[in-house]
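Notes follow the structure.
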Amino acid sequence: MHPTTDRDGNTVPIIMDAITHAAPHATPYANLTPDCVLDALESCGLQVDGRMLALNSYENRVFQVGIDRDDRAHRDSFVVAKFYRPHRWSDAQILEEHSFARELIEQEIPVVAPLEIAGQTLHAHAGFRFAVFPRRGGRTPELERADVLHWIGRFLGRIHAVGARAPFVHRPTLNIDTFGVASRDFLLQGNFVPDDLRAVWQSVIDQALEETQRGFERVGPVASLRLHGDCHAGNVLWTPDGPHFVDLDDARNGPAVQDLWMLLSGDASTMQIQLAHVLEGYRMFHTLNTDECALIEPLRTLRLIHYAAWLARRWQDPAFPAAFPWFGTTRYWQERIQELREQIALMQEA
């Protein structure tokens, strides 16, 4: 191992950066057997009892693992182990995620942060990097309720108040180039779009990116801060004590409204009402320029483009054809063309 430094200048070990820079493998998790998972946790000092449940995750592999009740270092009898997808993030990028979570915990913001075991949050075993998290329960928040949206808004404001202190150094920034242009180019270069739809799809996506650019230009300069990055309802767990936020795997720099719009649903008037409730709580702890709300449809457009490219980038992973059999079909791309046309109209109306 050789050292690097985190955002605060502290020296941290490089665990397995060579994996990140190696050539991608078609089946990155082929060797992640149940025995390998249990051995990995034992390698960092946990006493596992053999109970294991695979949790729903495509980008990484996540398992709920039983801990021996004699291991009194943990109050719960389960932990959650996340095995990071090889080749996606560098060690430094993963450690920035962990550092951000630790900052939020220090401010008593309810996020699920990795456990520190033997002085480390990032571990390695048998060619895989992984982190161990406490198990947290909860249900999907009732986003149609004003008080729930207000409560979530308060905590998002607190998260962003911390995120605005300093940017990520190693993690990327969400912008038109990283989410839009790079995704379009990958899909074109990989010939994922059927030949008979390629020309019309390229014309529509180019127009969508042009409208996205105009949207950003109309708003003008926007502050960039450290975001949750994937703040949809599935990553907010609700308990009697309120919300807590999970899965900072997509954390990156970007405009604050990126963490707000994915909580909204319904027609335009419904989303405006929902956004008003979120902002009422949000502004108790952090400021947001109202003009930035005009970026909602441009950001939604970028996410739609990025999502199609994400499926394409992961298509060699056997889990993806099984879970998304419709990807790549003529109908799929016809629907994406229509979807982008609708987004173009929404951005033009705005």
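No lab work stands behind these numbers, since they all come straight from the coordinates. These numbers were taken from a predicted model, which means no experiment stands behind them. Glycine also receives a Cβ, built like all others from the backbone with ideal geometry; neighbour counts cover every protein chain displayed.
The table below lists the values:
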read-out	value
Descending semi-axes in whole angstrom, ellipsoid equivalent of the stretch 72-215, from the Cα gyration tensor	36, 23, 16
Two-site FRET efficiency, His87 against Ala54, from Cβ-Cβ distance with R₀ of 25 Å, rounded to 0.05	0.75
Mean-position separation - Cα centroids, the stretch 100-119 and the stretch 257-273, in angstrom	29 Å
The chain - mean residue ellipticity at 222 nm from DSSP helices (-39,500 (n - 2.57) per run, n ≥ 4, rounded to 500)	-13000 deg cm²/dmol
Per DSSP, loop chymotrypsin sites (Phe, Trp or Tyr not before Pro) in the stretch 79-155 with at most 11 further Cβ within 10 Å	none
Sites Gln316 and Asp185, calculated FRET efficiency, Cβ-Cβ separation with R0 22 Å, nearest 0.05	0.75
Label-to-label distance, nm, for residues given as Gln348 and Ala233 (7 Å Cα→Cβ offset)	3.1 nm
Rounded to the nearest 20 debye, dipole of the stretch 146-349 from Cβ charges on Lys, Arg, Asp, Glu	440 debye
Cα-projected label distance for Leu115 with Ala164, points at 7 Å along beta-carbon direction, nm	3.6 nm
Full-extension gain in nm, Ser269 to Gln334, via 0.36 nm per residue minus C-alpha separation	20.6 nm
Inter-site label distance for Asp68 and Arg136 at 7 Å from Cα along Cβ, in nm	2.9 nm
